[in-house]
Structure formats: C-alpha cells, structure tokens
Amino acid sequence: MPKVALITGITGQDGSYLAELLLDKGYEVHGVMRRASVFTTERVNHLYQDRHEQDVRFHLHYGDLLDAINLRRIISDCKPDELYNLGAQSHVRTSFDQPVYTAQVCAIGTLHLLEAIRDYRDSQGREVRFYQASSSEMYGKVAEIPQTENTPFYPRSPYACAKVQAYWQTVNYREAYELFTCNGILFNHESPRRGETFVTRKITKAATRIKLDLQKELYLGNLDAKRDWGFAGDYVEAMWLMLQQEDPDDYVVATGECYSVREFLAETFEYLDLDWEQYVKFDPRYLRPTEVNILKGDASKARDILGWQAKTTMQELCRMMVDADMRLAERERTLVAAGHLV
C-alpha cells in the first residue's frame with residue numbers, strides 16, 4: 001500500500017510542488033481546498049491530466065482551516081500517514097488589513113489540525129506525522145544575522161505573530177502529547193507559480209509586460225528590504241525529509257544568500273535588457289506599518305541532519321520566473337493583436 005499524504009493549501013505554490021514530489025515518490029495524495037465560485041486549481045490541474053485514469057492517486061477535498069469538524073472528517077476518510085499544513089493567509093501586507101482573519105487561519109487553523117490528529121491517534125491508534133509551514137517572518141526585527149533555529153523571534157506583522165503562535169503550538173503538541181510534529185522555518189521561496197501580488201512575481205510579470213509594451217510602469221514600496229530567496233521546488237523536498245526522520249524536530253530552510261528587492265529588480269530588468277529605473281515608481285501604499293529589513297537563514301542543521309541544501313541561486317530563480325512570465329506575456333500580446341483582449 002502506498003503512503004498517504006494530506007496537504008492543506010494544495011492549490012498554492014508550495015502545495016502544487018509538494019504534491020508533484022510526493023506523487024513521484026509513489027504516495028497517494030489528498031489535498032484540502034476552499035470552495036470558491038471560480039476555479040482555483042490551475043497549479044494542480046496537470047496532476048490529473050498527466051496520470052492514467054487507472055492510476056488515480058490524487059484527490060481534492062473541499063475544506064477550510066476554520067472548519068474543525070470537516071477537517072476531522074477529511075482526516076478520518078483519508079487516513080493520512082503524513083499531514084502537511086501549508087494553508088494560510090500568507091500575504092504579509094494583507095495581514096495588516098485582515099489581522100483577525102489571518103490569526104484565525106494561521107494560528108487557530110493549525111490548532112484545529114493538531115487537535116484532530118491527536119484525537120485521531122488516540123481513537124484509531126494511528127500516528128499522523130505533521131509538518132507545519134513556519135516562516136522566516138517570525139524573526140522580524142532580527143536579533144542576529146544569519147538566523148538559525150535558536151534565534152529569538154520578534155514578529156513585525158499580524159501574519160508573523162500568527163505564525164509564531166502556530167510554531168509554538170506545534171512544539172507544544174510534540175512535547176505534551178508525543179506527536180511527531182515538525183516546523184519548517186522556510187525563508188522566502190519563489191517560482192513561476194508564485195502569486196502575482198508577491199514582490200518577486202510582481203516584478204518578473206511586470207518586466208516582461210513592459211518589454212512587450214503591454215505595460216508602462218511598475219509601482220513598488222521598499223526597495224531596500226533584503227531577503228534570502230530560494231526556489232520553492234527545492235524547498236518542498238526539505239518538508240518531506242523532515243517527516244522521514246526518526247525523531248521530529250524544527251529546521252531552517254534557506255539558501256544562506258541575501259539580496260535586496262532592488263537587486264532582484266536589477267537582475268530581472270537586466271536579463272530583459274531594460275533599465276529598471278526608467279519604469280519603476282515608488283508607491284507608499286506598499287509599505288508595511290512595521291518593516292522587516294533583512295532576513296538571511298543558516299540552514300546548516302538541515303544540511304547536516306536532512307542532507308538537504310538549496311540547489312537554485314537567486315539569479316537562476318529570477319531567470320526561470322522571467323522566462324515563464326515572458327511566455328505568458330507573449331500569449332497575452334497575441335490575444336491583444338487578435339482583438340480578444342483590450
């Protein structure tokens with residue numbers, strides 16, 4: 001029998017890459033997605049299409065991290081060996097506008113899952129190994145550079161505060177109830193599947209549209225913020241490795257390299273033979289009330305224990321994203337020329 005994995009947030013960037021990885025390893029994969037009036041499965045549609053109908057190992061379930069009863073039903077039906085909690089309201093700037101909702105989804109939603117797998121173990125005698133998607137944003141106003149598993153947290157947004165709560169809940173359930181629970185403290189990780197409101201994808205999409213004369217300007221906030229950017233496709237392997245260990249623990253997942261938004265911007269536009277300063281404008285609406293100036297991770301523990309390290313450089317990541325967005329921009333230009341888009 002194949003191992004069974006349940007992924008919350010499966011239709012997001014990380015969820016789609018993790019689902020691919022697990023299917024390639026022979027898992028049966030179940031995912032939780034929220035019901036919406038429009039289709040939100042574009043990142044995982046190929047997982048249906050690429051597999052023979054007699055080899056159906058990929059399943060989606062409607063659910064919500066705020067609906068504890070339905071989450072318990074899904075766990076009971078799926079009987080997962082591993083549960084990866086990637087679901088969240090994950091946009092930091094938006095969390096200032098929706099702090100209560102962000103806390104409910106990121107913190108209380110995690111608690112719903114932990115309680116569900118604890119009760120499932122106690123009633124069914126089956127252990128579910130649990131991965132919690134923690135965030136480098138928890139370090140906030142950093143106490144040291146680079147940040148490790150031992151660096152104190154100093155969250156600077158409602159999102160980061162909620163993630164800190166979820167982190168300690170995960171640790172507490174490991175220590176109090178002897179559940180196999182792990183935190184992956186992932187630093188910024190991007191890809192062509194990144195949401196278009198996140199700064200890296202916002203930059204690569206706008207740059208390609210500017211190159212093809214589909215857009216004139218790009219508005220951004222703080223260009224001096226520095227981040228440790230890696231490739232999401234690399235990082236999901238670290239998630240899986242954490243749940244394959246003999247003992248549960250928490251790990252930083254990062255490249256160990258740090259670049260400013262300005263440097264990512266310059267790399268993107270230079271690749272397209274454009275001068276970014278001619279097109280980029282400042283907009284204070286994109287500033288956070290409390291900024292996080294620098295995040296840089298030390299993933300030595302993940303390297304030494306998990307045997308994991310980042311494979312993709314920021315420059316390679318940037319070009320990967322630009323190439324993918326250029327294909328989208330070229331398709332858009334074709335539709336505009338044919339009169340299908342205005």
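Residue pairs whose Cβ atoms lie under 9 Å apart, sitting 6 or more positions apart in sequence or on different chains, and linking a residue in segment 139-153 that is without any contact (Cβ under 8 Å) to a residue 60 or more places away in the chain to a partner that is assigned to a strand (DSSP E or B), are T151/V252.
Remark: pairs (first residue in segment 84-106, in contact (Cβ under 8 Å) with a residue 24 or more places away in the chain; second residue surrounded by 23 or more Cβ atoms within 10 Å (Cβ to Cβ) and of a type in the set (D, E); Cβ separation under 9 Å; 6+ apart in sequence or on different chains) = Y84/D14; L86/D14; V92/E137. Just one of the listed residues (V236, V164, V199, V171) is out of contact with any helix residue (DSSP H, G or I) (no Cβ under 7 Å at 6 or more places or on another chain) and either open to solvent by 10 Å² or more (accessible area, probe 1.4 Å) or of a type outside the set (F, W, Y) (or both), and it is V171.
Within segment 300-321, the residues that satisfy the criterion of being buried (at least 17 other Cβ atoms within 10 Å of the Cβ) and either more than 17 Å from H189 (Cα to Cα) or basic (K, R) (or both) are K301, L306. A count restricted to segment 20-57 and to residues that are at pLDDT 90 or above, closer than 23 Å to L71 by Cβ and more than 20 Å from the chain's Cα centre (by Cα) stands at 2. Selection of segment 275-287 for residues being in contact (Cβ under 8 Å) with a residue 40 or more places away in the chain, surrounded by fewer than 16 Cβ atoms within 10 Å (Cβ to Cβ) and assigned to a loop (DSSP other than H, G, I, E, B) yields D283, L287. When each of E246, E270, E291 is tested for being closer than 30 Å to L21 by Cβ, open to solvent by 10 Å² or more (accessible area, probe 1.4 Å) and not polar (S, T, N, Q), the lone residue that passes is E246. Somewhere in segment 195-212, is a residue of a type in the set (F, W, Y), in a loop (DSSP other than H, G, I, E, B) and in contact (Cβ under 8 Å) with a residue 24 or more places away in the chain? Yes, some residue in segment 195-212 is of a type in the set (F, W, Y), in a loop (DSSP other than H, G, I, E, B) and in contact (Cβ under 8 Å) with a residue 24 or more places away in the chain.
The values are calculated or read from the model by the stated rules, or taken from the named source; none is laboratory data. Every value quoted in this text rests on a predicted model; they were computed, and no experiment measured them. Note: ideal-geometry Cβ built from the backbone for every residue, glycine included; neighbour counts use all protein chains shown. Just the protein is used for accessible areas: all its heavy atoms, side chains included, with ligands, DNA and RNA removed. Shrake-Rupley method; radii C 1.70, N 1.55, O 1.52, S 1.80 Å.
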